Amino acid sequence: MRGLLLVLMLLGSPAWAVQPDEILSDPVLEERARDLSKGLRCLVCRNESIDESNASLARDLRILLRERLVAGDTDAEAVDFIVDRYGEYVLLNPPASGSTWLLWGAGPLMLLLAGGVGLGYLRGRSKATGADQTPLSADEQARLDDILGR
């Protein structure tokens, strides 16, 4: 009984988001559509492909993609059509060109900047602690010994 429940739960997972009425009759064309839809982002679910998403907009994008493939578009033409309509954000892995250079470089740049700031802080702190240390006077040392009970 538990095994059947597990199988039913797996069948309802987002990996099976493509509805039966969306599937193309040509298996080669359907395979192309599935491969392409794995690289397109669901605009509702954020970091989920339209192949995995159950959102209605993802369904519309899957149908649009299949319509373009049936119309005879190449893979690149079909994806370009969708990118022209929705922008580069629809790509799960956008190319590093044009406006995305800043996004690709921001992470490593911030890491280097934080490392430089941290290194500068540690160097400044190590120099500051050595200059401020002056020995205790005899009165201060006697008071410290009294407090510590020596």
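Just so it is clear, none of the values below were taken in a lab; they were calculated from the coordinates. A quick note: this is a predicted structure, and the numbers were derived from the prediction, not measured. Note that we place each Cβ from the backbone using ideal geometry, even for glycine, and neighbour counts take in every protein chain shown.
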Net charge of Cβ neighbours under 10 Å - reference L69; Lys, Arg +1; Asp, Glu -1: -3
Cβ charges +1 (Lys, Arg) and -1 (Asp, Glu), total dipole of the stretch 38-127, debye: 800
Options (1) 0.97; (2) 1.35; (3) 2.07 - which one matches Cα Rg over 2.2 N^0.38 Å as calculated here: (3)
Per-residue ³J(HN,Hα) for the stretch 83-90, Karplus 6.51 cos²θ - 1.76 cosθ + 1.60, θ = phi - 60°, Hz, x for Gly and Pro: 5, 4, 7, 10, x, 5, 4, 6
Folded to 0 to 90 degrees: helix 27-37 orientation relative to the chain principal axis, Cα: 30
Rounded to 10°, Cα long-axis angle of helix 138-148 versus longest principal axis of the chain: 60
Mean ellipticity per residue at 222 nm, deg cm²/dmol - from DSSP H runs of n ≥ 4 across the chain, formula -39500 (n - 2.57): -20000 deg cm²/dmol
